[in-house]
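A.B. asks: So that we are looking at the same thing, I have put the structure below in structure tokens.
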Amino acid sequence: MTRWGITLPLTGVPLPAHRELVERLPDLGYTDVWTAETSGTDAFSPLVLASQWSSGLRLGTAIAPVFTRGPALLAMTAAAAADCAPGRFALGIGASSPGVVRDWNGMEHTRPYARTRDTLRFLRSAFEGKVVNAQYPTFSVRGFRLERPPASPPPLLLAALRPRMLHLAAAEADGAITNWLAPADVPKIRAEVGPGTELVAPVFVCLTDDAREARRLGRMMISSYLTVPAYRAFQDWLGRTEPLAAMHRAWDAGDRWRALMAVPDEVVDELVVHGSAEECRARIRAYTANGLDTPVIALLPTDGGDPVGQVEALAPCQD
């Protein structure tokens, strides 16, 4: 089955106002709705709403951080979402970043690989309705049991960028969620997880024929995201050390404007899909042709753009 996802909520659209669009998504050819969790909505509330508006969509978090909720609270929240969409909810978890975890939530961001692994193992036990008494390397749980374990335990996917986490996703999870990659990067990631692991990735899309505007928006995002240490290491692994070197030098020197302006056009064009709706759909399909199972469109807002209309224009039914 060819999957085609969309990231919700859309910029500038109130949560309750998404109902009509969500009801129509399956008819447009969309199979999935996924959420992010940074500084907008939480990862779960939009999915709980969507679960009541459509019975034909898979709903997933991409991702819920493993540091910002305690293990038991994360299990309870996920179980409630799974109860709202039996057999249709997927829980994506990951380490997030020091900015989100430490600077915004006041928590330590230490041993991210181990914390993600331990949370994955705890959730497996919790979703089975077992009493969990366990001393994990990064936390301990004593006497916890879900009162309402999901009748259909949700698949667990891991946010994974480089080989170690990708291998963990392939060995112990039900899929991997990666981020900030070009179609040409997909085979390298697929080689790490193997053919049997679902690979999900947001695809940043700027639906505009104004390449200058698309690149302006792309530079803003790239200079903000790819200077985060985990993403910087990921891009180095993918082979973009030299193209992004000037951006990193400026960022490390504290010159944010120069860092933004140092992002080359070719890097933006690799990592951000832009152009007409037809061109964007073709570019998204290049990801799936190279081994991505589930592309999840993440719309970049454009001045005067109608995000609902853009979701319609990017729908696979338009091909």
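A.B. asks: Where does each of 212-219, 55-62 land if you order them by average Cβ count within 10 Å, highest first?
C.D. replies: Per-residue mean Cβ counts within 10 Å order the peptides as 55-62, 212-219.
A.B. asks: Among 247-260, 162-175, how do they line up by average Cβ neighbours within 10 Å per residue, starting with the highest? Please report the intermediate quantities before stating the final value.
C.D. replies: Values: 247-260: 15.4, 162-175: 18.5.
The packing order, highest mean first, is 162-175, 247-260.
A.B. asks: Could you pull out every residue, at least 5 positions away or on a different chain, whose amide H is within less than 5 Å of the one on ILE297? Hs are placed 1.01 Å off N in the peptide plane, and Pro or chain starts have none.
C.D. replies: Under 5 Å from the amide H of ILE297: GLY5, ILE6, THR7, VAL203.
A.B. asks: Report D for segment 125-241 in µm² per second (integer): Stokes-Einstein, Kirkwood Rh on Cα pairs, 20 °C, 1.002 mPa s.
C.D. replies: On the way: Rh = 17.0 Å.
Estimated diffusion coefficient is 126 µm²/s.
A.B. asks: Moving on. When a/c is below 1.5 the answer is rounded, else prolate if a/b is larger than b/c, else oblate, so apply that to segment 155-214 with a ≥ b ≥ c taken from the square roots of the Cα gyration tensor eigenvalues.
C.D. replies: It comes out prolate by the Cα gyration axes.
A.B. asks: Continuing with this model, one more query. Roughly how many whole Å is it from the C-alpha centroid of segment 59-115 to that of segment 177-197?
C.D. replies: Measuring centre to centre over Cα atoms gives 22 Å.
A.B. asks: Assuming R0 = 30 Å, can you tell me the calculated FRET efficiency for the pair ARG124 and ARG164, based on Cβ-Cβ distance, to the nearest 0.05?
C.D. replies: Given R0 = 30 Å and the Cβ-Cβ separation, E is 0.95.
A.B. asks: At a Förster radius of 35 Å, what calculated FRET efficiency corresponds to the Cβ-Cβ distance of CYS317 and ALA211, to the nearest 0.05?
C.D. replies: 0.85
A.B. asks: How large, in percent, is the carbon and sulfur part of the accessible surface of segment 1-86 at a probe radius of 1.4 Å?
C.D. replies: Answer for segment 1-86: carbon and sulfur cover 55 percent of the accessible area.
A.B. asks: Tell me the net charge near ASP255. Cut-off is 15 Å between Cβ atoms, ASP255 excluded, with +1 for each Lys or Arg and -1 for each Asp or Glu. Mind dumping the intermediate values first?
C.D. replies: Values: positive: ARG219, ARG249, ARG256, ARG258; negative: ASP252.
Neighbour charge sum, excluding ASP255 itself: +3.
A.B. asks: Please give the FRET efficiency for ALA17 paired with ALA80, using the beta carbon to beta carbon distance and R0 = 25 Å, rounded to the nearest 0.05.
C.D. replies: 0.60
A.B. asks: Per residue of segment 303-312, in order, report the coupling 6.51 cos²θ - 1.76 cosθ + 1.60 (Karplus, θ = phi - 60°) as ³J(HN,Hα) in whole Hz, putting x for Gly and Pro.
C.D. replies: Here the 3J(HN,Hα) series is 4, x, x, 9, x, 5, x, 5, 4, 5 Hz.
A.B. asks: Let me ask something else about it. Rounded, prolate or oblate: which fits the chain when a ≥ b ≥ c are the square roots of the eigenvalues of the alpha-carbon gyration tensor, with rounded for a/c under 1.5 and prolate only if a/b beats b/c?
C.D. replies: Here the chain falls in the oblate category.
A.B. asks: Hey, what number do you get for the chain at 222 nm if only DSSP H runs of n ≥ 4 count, each worth -39500 (n - 2.57), divided across all residues, to the nearest 500?
C.D. replies: Details: 13 runs with 133 residues, N = 319.
That calculation yields -12500 deg cm²/dmol at 222 nm.
A.B. asks: How much length is gained on full extension from THR241 to GLU172, taking 0.36 nm per residue of separation minus their Cα-Cα distance?
C.D. replies: 21.8 nm
A.B. asks: Per residue, how many Å² of accessible area does segment 135-292 show with a 1.4 Å probe?
C.D. replies: Result: 46 Å² per residue.
A.B. asks: Looking at the chain, send over the antiparallel percent of its DSSP beta bridges, to the nearest 5.
C.D. replies: 10
A.B. asks: Shape of segment 161-319 from its Cα gyration tensor (a ≥ b ≥ c, root eigenvalues): rounded if a/c is under 1.5, otherwise prolate when a/b > b/c, or oblate?
C.D. replies: It is oblate, given that a/c is not under 1.5 and a/b is not larger than b/c.
A.B. asks: Sequence-distant or interchain residues sharing an amide H contact under 5 Å with ALA64, placed H: which?
C.D. replies: GLY92, ILE93, GLY94
A.B. asks: Residues with amide H under 5 Å of VAL132's amide H, sequence separation 5 or more or different chain, H placed in the peptide plane at 1.01 Å from N; which?
C.D. replies: So VAL132 has HN proximity to GLY143, PHE144, ARG145.
The values are calculated or read from the model by the stated rules, or taken from the named source; none is laboratory data. Predicted model, so just to flag it, every value in this text is computed and none were measured. Glycine also receives a Cβ, built like all others from the backbone with ideal geometry; neighbour counts cover every protein chain displayed. Surface areas here come from the heavy atoms of the whole protein model, side chains and all, with no ligands, DNA or RNA. Shrake-Rupley method; radii C 1.70, N 1.55, O 1.52, S 1.80 Å.
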